[in-house]
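What follows is calculated from the coordinates using simple rules that are stated; it is not laboratory data. Not measured: the values here are computed from a predicted model. In this analysis, Cβ positions are derived from the backbone assuming ideal geometry, glycine residues included, and neighbour counts consider all displayed protein chains.
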């Protein structure tokens, strides 16, 4: 595997050398702080939304933000000046990119979300990153994060290459999601892994192609199944991210993690790795023809999308549909699924910003039959923080919510209110409660530094209350330069950008498959109300792209569907035709998930701002595991599948 990755790196750098000699390639870029400096990270998020640049992964390259500034300046010139001043610290040959120190008083030791393994009872935390840019094509970064009883060189790496092939060797963070508060595959919940990463920060081709490939080494585990017992070793973790941005403001990505090797399981050949990557249902799932020792490893995958709606009140809507396994006769369906939806308003009423994110996952996440420690590092999951709120090794499903409100008051500084909740399912042997935490924070500039304080109070899923009072001092105050006063509230909504709501009726029927065999249940068809809300924007003279959330009642259960891709083609007359795809959540005994797609026709302007729509919709193999006492037997297959067919007739009001 290492040899194969080395070949990819060498090929990429050789191609980059040829590319750069023609004067077409830029050099490497440093990365901006990730979950270390909330004030400037908030402003960078705002700049990228105003510039129509969907963020699909993190950390963000400084060059990406620099390239976005001209477009963002048309909406908020003072914000751009503030961020540009901050980026100037990365323009020197040698410089300090980030430095922060925090002291705290606490009661309770719950894990802190996205804090690289830190718990709430840590009395202090320090982080820093400095760099030396040896040339346009090489940067050495030295960084680290430390707190009570632990330290890691997060941010320390050697970066060489070009804008379309940057090689990072060291402790580079990975966050494979458009979400800001949690990522299902990999985030900053655990300590940063040592890795080798090849990626591009400049999109390639007219489709805006981006990629990231990395190979990391995990901590030693003594609980890796092999033969009749266990072996001890350090599993490897390979990651792949592919994304496209075919139109301004809309991006689609596919992510994959593969945990493999360790101890006597070896490193595996590149051919075995590719077989498991391309055919996981046959090469990575135990069966009569594939024994425990031949099973390649542990895989998780996700589809992600992000849509930016432009105008005087812009916002970003984003989705992540992930799976811990494959499902039902194929490689493309995701089993033990997760669905996350998010919405970010970078500016409301001049001085506020608002973000809401919700995530729900089924059983089986971060635990595995071969790797009994699962996708963890030092006891913390690699992915979503909510999965640390459970008994270790309990693969229970859960649901989390996060609401964050920012306020830039007239007297200066930044105030933030953040509320999180997490609720585990009740089908395991452990008795969980709903956990929550509330954070109130304020920071402001102080003689070239940023000083701040935050108060956290909450209760974990075991019923234990906790609290934390922390003060922080950070290097730099560029974010404070009246960036809140330059918003262009008079900015007009572009032609073709529309918000809309739908209301009508849907005729639906569901087919329930008890297993892979012939056992089926077919309840009768049902006529029920249909409602939806969405947004779209024109991407060409006759084509629109958008997102939509739909609610229906099918067989007395709620069906929620999210269109990550909602395409519409407008003919010369009032007729329009649409195609859409996304994911669906069926609220049965335990939540079931699956793909959702369909097509429709629309007659526009039957009345001013009112359209008539007919959609044919299908939710495919929406699945849940048989976990409850009243469920059918788990043999021969542990899943129940629901196929939902529906036709909806609705009126759509545009505003």
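Worth a mention:
- Over all distinct Cα-Cα pairs of the chain, the Kirkwood formula returns a hydrodynamic radius of 26.0 Å.
- Residue-averaged [θ]222 nm for the chain, counting only DSSP H segments that reach four residues, each worth -39500 (n - 2.57): -3000 deg cm²/dmol
- Segment residue 473-residue 603, length gained on full extension (0.36 nm per residue, minus Cα span): 41.0 nm
- Order by protection proxy (mean Cβ within 10 Å, highest first), peptides 296-309, 346-359: 296-309, 346-359
- Fewest neighbouring Cβ atoms within 10 Å first, the residues 432, 332, 321 line up as 332, 432, 321.
- Distance between modelled label sites at residue 433 and residue 527, nm, 7 Å Cα→Cβ extension: 4.9
- Note on residue 405 and residue 569: their simple-model spin labels are 4.5 nm apart, each label 7 Å out from Cα toward Cβ.
- Computed E for residue 634/residue 511 - FRET, C-beta separation, R0 22 angstrom, nearest 0.05: 0.60
- Using C-alpha pairs under 8 Å with a sequence gap of at least 6, the mean separation divided by the residue count of the chain gives a relative contact order of 10 percent.
- Two-site FRET efficiency, residue 220 against residue 558, from Cβ-Cβ distance with R₀ of 35 Å, rounded to 0.05: 0.15
- Taking other Cβ atoms within 10 Å as a rough exposure proxy, 572, 401 sort from fewest to most as 572, 401.
- Working ranking of peptides 54-67, 183-196, 227-240 by packing, defined as the average number of other Cβ atoms within 10 Å per residue, highest first, is 183-196, 54-67, 227-240.
- Pairwise centroid distance, computed over Cα atoms, of the range 149-206 with the range 594-642, Å: 36
- Mean separation of Cα contacts under 8 Å, 6 or more apart, over the residue count of the range 498-654: relative contact order %: 24
- Distance in nm between pseudo-label sites at residue 135 and residue 457 (7 Å out along the Cβ direction from Cα): 5.8
- In this structure, residue 232 and residue 343 have a Cβ-Cβ separation that, at R0 = 45 Å, corresponds to a calculated FRET efficiency of about 0.50.
- For a label point 7 Å along the Cα-to-beta-carbon line of residue 540, residues of the range 561-598 with backbone N under 19 Å: 565-581
- Inter-part distance where the range 359-422 and the range 36-107 are each reduced to a Cα centre, Å: 24
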